[in-house]
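Q: Structure incoming, see below.
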Amino acid sequence: MLTITDLHATVAEKPILKGLSLAIKPGEIHAIMGPNGAGKSTLGYTLGGRPGYEVTGGAVNFMGQDLLALEPHERAAAGLFLGFQYPVEIPGVSFVQFLREAANAQRKCRGEEPLSGGEFLKLAREKAALLKMDMEMLKRPVNVGFSGGEKKRAEMVQMGILNPGLAVLDETDSGLDIDALRVVGEGINAIMRAPDKSVLLITHYQRLLDYVKPDFVHVLAGGRIVRSGGPELALELEDQGYEAVA
Amino acid sequence: MTQLARRLVEDWRYADQAALATLWPLPAPERVVVAPGEHFTRALVHEGEGVVQLELELGEGATADVRVLSIGAGYGRVEVSATLAARADFTLGAVQLCGGTAAREVVASVTHAGRDAASHQVVRSIAAGRSSASVLGRIVVQPGADGTDAEQAIRALLLDRGAVVNARPELEIHADDVKCAHGCAVGELDEGALFYMAARGLDPAVARALMVQAFIAEAFVGSELEEQLMAAALAALGGLA
């Protein structure tokens, strides 16, 4: 699904990722944990192709394609979903309009027929219900006036609608209360637990992993993966802290 | 009550004088008196060059809704002035789309002459290429016009490095019990929002268009002709840059 080989990336000419390698197979859920400043969000943005995140070395193969050669919107169409730590507000553009444009842009890129208005609304209703989100909220401008938790829930609704092959979720658990955490966790499982799909969870804490059980846990520190293990590694980190474990 | 002397000493230089020479003499402004309690509505699409002036006088409790769309090449100026008697309500929503070397201007002047009148001005400018968009938005609250509720929101988007936006809000308030809110901002399309849209699969041109569309829509919200004005604006947008 995704193979990252010796990835180096800089932000404002400062090296952040320094030789990161990681392989994710279809059907697997990986969690990347690490202290502040380790490069976790940079990894997400670099995979998404955000301007300003410059790759200075290494390679990323995504489902047989050179991911780094694709524009950000082409990466999305290829099946990569980037869940934002801080979802952006877009005044004046309704969620429904935005998502329908996005879903159909992706379909067009893949040579598929666009969804009709009715088909899209049916899909949106289904995914909103899955995340226990009021459909009325999706008629509002993108993320405007949403609480932190609502924004994260809306990210998952988007993921459900766009139906990616790989979801890279950057601190999707931050800003969530306990109930919302469970809803979001169950949403990730419902949408992404499939033999042909994979998830890369970027997180600080073990708590999301109680709901979304990872197959592999990696510790990112100083721009590289310094340790990998099974789900028990997350518990060890929670118990002993990053310094002791990494 | 003592009336304080007031004098405006600023100068508003809006365009190249030589470019204006051919425009004189100006046609007489259109004057509209809206009788007490009556409603007036006008959608003014100004294409191409020249100066268009609309002067409104709103009687007690009268309402007026004026929408402006200024597009095209060359020098174009739309002036709208409104004088509001007690409890009158005035709305102005204006959009100017400038590309190439166009110089477009919206000059709005609202005078609150009576008590408890309300005015709402929303002006959106988009400047691409080497064009310039200027906005002068004036609110005058005359002595005794207490209970005034005036708001003015001027925003402009610069799509290219060579484009220029001038925006000047001007508030002159001579009464105490008033609410006058104004905001003025000039900026570029938000890079963060553009990346967010790209990360969901929208190509850059579509993402840009969607954001620009949302930006101008605010000036037409609530108009009876909202759809037609948006359609005309979107058609003109296609020719920008």
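The values are calculated or read from the model by the stated rules, or taken from the named source; none is laboratory data. Computed from a predicted model, the values in this text were never measured in an experiment. Cβ atoms come from the backbone with ideal geometry, glycine included; neighbour counts cover every protein chain shown.
Q: Among the residues of segment B:114-137, what is the count of those that are surrounded by fewer than 20 Cβ atoms within 10 Å (Cβ to Cβ), at pLDDT 95 or above and more than 16 Å from B:Ala43 (Cα to Cα)?
A: 3
Q: Out of B:Arg31, B:Arg42, I need the residue that is exposed (fewer than 13 other Cβ atoms within 10 Å of the Cβ), in contact (Cβ under 8 Å) with a residue 24 or more places away in the chain and in a strand (DSSP E or B). Which one?
A: Details: B:Arg42 fails: exposed (fewer than 13 other Cβ atoms within 10 Å of the Cβ).
Result of the check over B:Arg31, B:Arg42: B:Arg31.
Q: On to the next question. Within segment B:116-124, identify whether any single residue is in a loop (DSSP other than H, G, I, E, B) and over 26 Å from B:Ile71 (Cβ atoms), and answer yes or no. Before you say what the answer is, go through the steps one by one.
A: Within segment B:116-124, the first condition is being in a loop (DSSP other than H, G, I, E, B), and the residues that meet it are B:116-117.
Pick out the ones that are also over 26 Å from B:Ile71 (Cβ atoms) and you get B:116-117.
Yes, because at least one residue in segment B:116-124 is in a loop (DSSP other than H, G, I, E, B) and over 26 Å from B:Ile71 (Cβ atoms).
Q: Then there's this: Can you tell me which residue is farthest from A:Leu17 (Cα to Cα) among those in segment A:68-97 that are in contact with a Leu (Cβ under 7 Å, 6 or more places away or on another chain) and assigned to a helix (DSSP H, G or I)?
A: A:Val96
Q: Which of the strands (runs of 3 or more DSSP E) found entirely inside segment A:191-230 contain at least 3 residues meeting this: in contact (Cβ under 8 Å) with a residue 40 or more places away in the chain?
A: Ranges flagged: A:198-203, A:216-221.
Q: Are any residues in segment A:120-132 in a loop (DSSP other than H, G, I, E, B) and either of a type in the set (Val, Ile, Thr) or over 19 Å from the mean Cα position of the chain (by Cα) (or both), and if so, which ones?
A: To start, the set of residues in segment A:120-132 that are in a loop (DSSP other than H, G, I, E, B) comprises A:131-132.
Within segment A:120-132, A:Lys132 is the sole residue that qualifies.
Q: While we're looking at this one, here's another question. Among the residues of segment B:53-73, write down those that are under 16 Å from B:Leu97 (Cα atoms), within 15 Å of the chain's Cα centre (by Cα) and either among the hydrophobic types (A, V, I, L, M, F, W, C) or part of a loop (DSSP other than H, G, I, E, B) (or both).
A: Within segment B:53-73, B:Val68, B:Leu69, B:Ile71 qualify.
Q: For segment B:138-169, which positions are closer than 18 Å to B:Cys98 by Cα and in contact with a strand residue (DSSP E or B) (Cβ under 7 Å, 6 or more places away or on another chain)?
A: Of all residues in segment B:138-169, those closer than 18 Å to B:Cys98 by Cα come to B:154-168.
B:Ile154, B:Arg155, B:Ala156, B:Leu157, B:Leu158, B:Leu159, B:Ala163, B:Val164, B:Val165, B:Asn166, B:Ala167, B:Arg168 - these are the residues of segment B:138-169 that are closer than 18 Å to B:Cys98 by Cα and in contact with a strand residue (DSSP E or B) (Cβ under 7 Å, 6 or more places away or on another chain).
Q: Let me spell it out: the conditions are (1) within 21 Å of the chain's Cα centre (by Cα); (2) buried (at least 18 other Cβ atoms within 10 Å of the Cβ); (3) at pLDDT 90 or above, and B:Leu240 meets all of them except one. Which number is the exception?
A: Just one mismatch for B:Leu240, condition (3).
Q: On the given criteria, is B:Arg13 in contact with a helix residue (DSSP H, G or I) (Cβ under 9 Å, 6 or more places away or on another chain) and modelled with pLDDT under 95? Please lay out each step first, then the result.
A: Numbers: in contact with a helix residue (DSSP H, G or I) (Cβ under 9 Å, 6 or more places away or on another chain): no; modelled with pLDDT under 95: yes.
When the stated conditions are applied, B:Arg13 does not pass them.
Q: If the requirement is being surrounded by fewer than 21 Cβ atoms within 10 Å (Cβ to Cβ) and of a type in the set (S, T, N, Q), which of these qualifies: B:Thr148, B:Thr101?
A: On the way: B:Thr148 fails: surrounded by fewer than 21 Cβ atoms within 10 Å (Cβ to Cβ).
Of B:Thr148, B:Thr101, the one residue that is surrounded by fewer than 21 Cβ atoms within 10 Å (Cβ to Cβ) and of a type in the set (S, T, N, Q) is B:Thr101.
Q: Restricting the search to segment A:138-155, which residues are surrounded by 16 or more Cβ atoms within 10 Å (Cβ to Cβ) and either over 19 Å from B:Leu202 (Cβ atoms) or of a type in the set (Gly, Ala, Ser) (or both)?
A: Once the filter is applied, which keeps residues that are surrounded by 16 or more Cβ atoms within 10 Å (Cβ to Cβ) and either over 19 Å from B:Leu202 (Cβ atoms) or of a type in the set (Gly, Ala, Ser) (or both), segment A:138-155 yields A:Phe146, A:Gly149, A:Glu150, A:Lys152, A:Arg153, A:Ala154.
Q: Another question, then. Among the residues of segment B:211-232, how many are within 13 Å of another protein chain (Cβ to nearest Cβ) and either among the hydroxyl-bearing types (Ser, Thr, Tyr) or surrounded by 22 or more Cβ atoms within 10 Å (Cβ to Cβ) (or both)?
A: Total satisfying the criteria: 4.
A quick yes/no check of all residues on (1) polar (S, T, N, Q); (2) in contact with a Pro (Cβ under 6 Å, 6 or more places away or on another chain); (3) modelled with pLDDT of 95 or more:
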site	(1), (2), (3)
B:Pro36	no, no, yes
B:Gly48	no, no, no
B:Glu55	no, yes, yes
B:Val66	no, no, yes
B:Phe90	no, no, yes
B:Ala102	no, no, no
B:Ala108	no, no, yes
B:Thr111	yes, no, yes
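Q: To continue, here is another question. Considering every residue within segment B:155-171, establish whether at least one is within 14 Å of chain A (Cβ to nearest Cβ) and on the phi < 0 side of the Ramachandran plot. Lay out the reasoning, then the answer.
A: If we filter segment B:155-171 for residues that are within 14 Å of chain A (Cβ to nearest Cβ), which is where we start, we get B:155, B:157.
Filter again for on the phi < 0 side of the Ramachandran plot, leaving B:155, B:157.
So far as segment B:155-171 goes, yes, one or more of its residues are within 14 Å of chain A (Cβ to nearest Cβ) and on the phi < 0 side of the Ramachandran plot.
Q: Need the failing condition index for A:Ala167 against (1) closer than 18 Å to A:Glu232 by Cα; (2) not in a helix (DSSP H, G or I), just the number.
A: Looking at each condition in turn, A:Ala167 falls short on (1).
Q: Now for a separate question. Give segment B:138-183 a look and list any residue that's among the acidic types (Asp, Glu) and in a strand (DSSP E or B), or say none. Break it down stepwise before answering.
A: Initial filter on segment B:138-183 (among the acidic types (Asp, Glu)): B:146, B:149, B:151, B:160, B:170, B:172, B:176-177.
If the condition is that a residue be among the acidic types (Asp, Glu) and in a strand (DSSP E or B), then B:Asp149, B:Glu151, B:Glu170, B:Glu172 are the ones that fit.
Q: Condition first: assigned to a strand (DSSP E or B) and of a type in the set (A, V, I, L, M). Now tell me which residues in segment B:74-106 satisfy that.
A: Residues of segment B:74-106 assigned to a strand (DSSP E or B): B:75-84, B:89-98, B:103-106.
Once the filter is applied, which keeps residues that are assigned to a strand (DSSP E or B) and of a type in the set (A, V, I, L, M), segment B:74-106 yields B:Val78, B:Val80, B:Ala82, B:Leu84, B:Leu92, B:Ala94, B:Val95, B:Leu97, B:Ala103, B:Val106.
Q: I'm trying to understand the selection: among the residues of segment B:196-241, which are outside any helix (DSSP H, G or I), under 20 Å from B:Val68 (Cα atoms) and in contact with a helix residue (DSSP H, G or I) (Cβ under 7 Å, 6 or more places away or on another chain)?
A: From segment B:196-241, those outside any helix (DSSP H, G or I) are B:200-203, B:221-225, B:239-241; that's our starting set.
Filter once more, so that each one left must be under 20 Å from B:Val68 (Cα atoms): B:221-225, B:239-240.
Selection gives B:Ser223 alone.
Q: Further question on the same structure: Quick one: A:Gly37 ticks every box in (1) in a loop (DSSP other than H, G, I, E, B); (2) more than 11 Å from chain B (Cβ to nearest Cβ); (3) in contact (Cβ under 8 Å) with a residue 60 or more places away in the chain; (4) not hydroxyl-bearing (Ser, Thr, Tyr) bar one, so which box is it?
A: (3)
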